[in-house]
Ligand SMILES: *Cc1c(COP(=O)(O)O)cnc(C)c1O
């Protein structure tokens, strides 16, 4: 499949999931995860109209943002675990950080930032040990004790477990939404928490029906073969 065909398929799925859940398509931002493709591939997606791109490794992210600097309407999303020592370099290039996954990272961002930084707090809903992020309880206590000057917690992010169970996926995404609403209601300083970053190639349709406002889609968009996704 070409990237254009991929995009058409993903867009149709987004539309269908929005209709199913009475949501507006405009309320769901598609972030193309381009960690497995090069600048030429990103440019192809750009030419098809995509403006939101996600990367997960600091060095590659910096190379790509530098090479694509002339396309200044690109919105860059950093979605991977971010090492503290890389914060200083990548921060100026990040439009959205989806992976605020520990308090030491928040501390470093507050120290280095010179402008507001839109962040998603990463929450490990499924409780899998391999996954990064705050537990629900940790997320609540961390945000209640925080006093951000630069970090703006615009929402929550999670990675669903790899499973064939739609029921389990619905449950994980629903839990994230519940927590988002709970935190939003607290009206904490710099914590509007209105957004939900959830849903990847395997599960973005379900994530949308559960309220995702940002979906992070890689394989379904970037693959050039006939991989069934
Ligand atoms: C790779 C990645 C994605 C995209 O995953 P696909 O299955 O390729 O859609 C989304 N979010 C994060 C954090 C990732 O690392």
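The values are calculated or read from the model by the stated rules, or taken from the named source; none is laboratory data. This structure is a prediction, so every number in the text was calculated from the model and none was measured. Cβ placement follows ideal geometry from the backbone for every residue including glycine, while neighbour counts extend to all protein chains displayed.
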Which residues, taken from region 31-48, are in contact (Cβ under 8 Å) with a residue 40 or more places away in the chain and more than 17 Å from residue 99 (Cα to Cα)?
-> 36, 37, 41, 44, 45, 48
Which one of these is touching a strand residue (DSSP E or B) at 6+ places or on another chain (Cβ under 8 Å), surrounded by fewer than 18 Cβ atoms within 10 Å (Cβ to Cβ) and under 28 Å from residue 89 (Cα atoms): 145, 152?
-> 152
Can you tell me which residue within region 20-52, out of those that are in contact with a strand residue (DSSP E or B) (Cβ under 9 Å, 6 or more places away or on another chain) and over 28 Å from residue 84 (Cα atoms), is farthest from the ligand (Cβ to nearest atom)?
-> 46
Return a yes/no flag: does region 110-117 have any residue that is under 22 Å from residue 30 (Cα atoms) and away from the ligand (no atom under 14 Å from the Cβ).
-> yes
Matching residues, region 146-172, being closer than 21 Å to residue 213 by Cβ and more than 17 Å from the chain's Cα centre (by Cα) = 148, 166, 170, 171
Scan (1) more than 21 Å from residue 214 (Cα to Cα); (2) in contact (Cβ under 8 Å) with a residue 40 or more places away in the chain; (3) surrounded by 19 or more Cβ atoms within 10 Å (Cβ to Cβ) for the single condition residue 100 breaks and write down its number.
-> (1)
Of all residues making up region 181-207, the number that are in a helix (DSSP H, G or I) and within 14 Å of the ligand (Cβ to nearest atom) | 4
Only unsatisfied item for residue 16, checking (1) assigned to a helix (DSSP H, G or I); (2) under 19 Å from the mean Cα position of the chain (by Cα); (3) within 18 Å of residue 212 (Cβ to Cβ), is (2)
Condition check for residue 95: surrounded by 17 or more Cβ atoms within 10 Å (Cβ to Cβ), out of contact with any helix residue (DSSP H, G or I) (no Cβ under 7 Å at 6 or more places or on another chain), modelled with pLDDT of 95 or more and within 27 Å of residue 186 (Cα to Cα) = no
Hits in region 64-77 - residues which are touching a residue at least 12 places away in the same chain (Cβ under 8 Å) and either within 13 Å of the ligand (Cβ to nearest atom) or surrounded by fewer than 17 Cβ atoms within 10 Å (Cβ to Cβ) (or both) = 67, 68, 71, 73, 75, 77
Filter region 53-63 for residues that are within 16 Å of the ligand (Cβ to nearest atom) and surrounded by fewer than 19 Cβ atoms within 10 Å (Cβ to Cβ); which is nearest to residue 130 (Cα to Cα)?
-> 57
Is it the case that region 138-154 has a residue that's touching a residue at least 60 places away in the same chain (Cβ under 8 Å) and more than 15 Å from the ligand (Cβ to nearest atom)?
-> no
Is it the case that residue 182 is in contact (Cβ under 8 Å) with a residue 24 or more places away in the chain, within 19 Å of residue 79 (Cα to Cα) and loosely packed, with under 15 Cβ neighbours inside 10 Å?
-> no
